[in-house]
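Working notes, structure below.
The values are calculated or read from the model by the stated rules, or taken from the named source; none is laboratory data. These numbers come from a predicted model, not from an experiment. Note that we place each Cβ from the backbone using ideal geometry, even for glycine, and neighbour counts take in every protein chain shown. In case anyone asks, the SASA skips ligands and DNA or RNA and just uses the protein heavy atoms, side chains included. Shrake-Rupley method; radii C 1.70, N 1.55, O 1.52, S 1.80 Å.
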Amino acid sequence: MEQRIERTVEKYKMLEGTRKLGIAVSGGKDSTTLLHVMKKIADKKGIEIFGINIDLGIDQGKSYSSKSTEIAVKNFEMLNVNYRIVNIAKEYGFTIDEAKENIHRPVCSTCGLSKRYVMNWIALEEGIDTIATGHNVNDNAQFISMGYLTGDVENLSRLRNVAPAENGLVKKIKPLFLTYEKETLTYALIKRIPFIIDSCPNTFRVGGRTQDAVRRNLEEMEDKIPGYMLNLVENFERKIRPALEEKYLKKEEVSKCKICGMPTSKGRDICSFCAIRIKMKKIKSVT
Ligand code: SF4
Ligand code: ZN
């Protein structure tokens, strides 16, 4: 599995030009496995690894975020890598639990955009040029199937496993995009990697019943036709995405957020993250 991930990294030139690689670790089996495998690959190439964990303040009686941060730190220290924990309550004055109660927007959408924002911000602060995330075959197969189902060609054209640095955003890579979920689980168990077993208490909100059914259906197809998800993802990457990219991937122009200076869509004065902070009454709006 390590060799296969290394081959994927090479084939898709994921670490070309990388000097400092940030690994986003939530504490789950995928991100902790990613950290351990990428540490080996990066060491061979003389690339520095930097661990990132975001304490999102998701508790709901399960202490999910504090457990996840504890496990991430355990892994960073095991491997002796430098790391940074960003506690969004301390840094920005609100938790995802509070945002869920106070903002009329799906909690996963608020959480996702907060994570992307914080990740880019850490990358700028720490001089990280590439960020790796733990998306696996199952995640990609689900996203592709949902895209086919809804005909969302623009979203599909953005499903890149190597997203180059552009518009003030750091380069992002997904080294596990051809690795199955059951493989990362097996790897983590065999290697005795500490990981958090609980899922986020909001998981069921990620996409509701349709996404859940699509995921289960993909697993059933995989049982009937071994390699089903891998074929779906590989063929999409090799044959379909390039065609979609050519036709639908828009070169987005960006503006600078008037509050934090981070990039935001053209025509907007403030970025979506600052808009959330305004709604949470943590900062004042600008006129
Ligand atoms: Fe955030 Fe939703 Fe993922 Fe939980 S399930 S970590 S709320 S995106
Ligand atoms: Zn902003």
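See the values below:
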read-out	value
Rg followed by Dmax, in Å, when the stretch 125-200 is reduced to its Cα trace	15.1, 41
For the stretch 32-118, with +1 on Lys and Arg beta carbons and -1 on Asp and Glu, the positive-most of SER66, PHE76, VAL37 along the dipole	VAL37
For the chain, size of Cβ-based charge dipole, Lys and Arg +1, Asp and Glu -1, in debye	560 debye
Those trypsin sites (Lys or Arg not before Pro) in the stretch 128-207 that DSSP places in a loop and that have at most 10 other beta carbons within 10 Å	ARG192
q = 0.09, 0.12, 0.14, 0.15 Å⁻¹: log10 I(q)/I(0) that the Debye formula gives for the stretch 51-209, counting C-alpha atoms only	-0.33, -0.62, -0.87, -1.02
Axial C-alpha extent at least 18 Å, average Kyte-Doolittle at least 0.0 - helices from the chain (DSSP)	107-126, 137-150
Protein accessible area in the chain, 1.4 Å probe - carbon and sulfur %	50 percent
Taking the convex hull of Cα positions in the stretch 44-140, its mean projected area over all directions (nm²)	7.9 nm²
Loop sites in the stretch 165-223: chymotrypsin sites (Phe, Trp or Tyr not before Pro), DSSP, at most 12 other Cβ within 10 Å	none
Convex hull (Cα only) mean projected area of the stretch 100-141, reported in nm² to one decimal	4.3 nm²
Accessible area per residue in Å² at 1.4 Å probe, computed on the stretch 59-183	45 Å²
Rg/Rg_globular for the chain, with Rg_globular taken as 2.2 N^0.38 Å and Rg from C-alpha atoms	0.99
Overall Cα dimensions of the stretch 1-48 - principal axes, largest extent first, Å	27, 22, 16
Cα gyration tensor category, rounded, prolate or oblate, for the stretch 64-113 with a/c compared to 1.5	prolate
Unit Cα scatterers, Debye sum, the stretch 149-287: log10 I(q)/I(0) for q = 0.11, 0.13, 0.16, 0.21 Å⁻¹	-0.67, -0.91, -1.19, -1.33
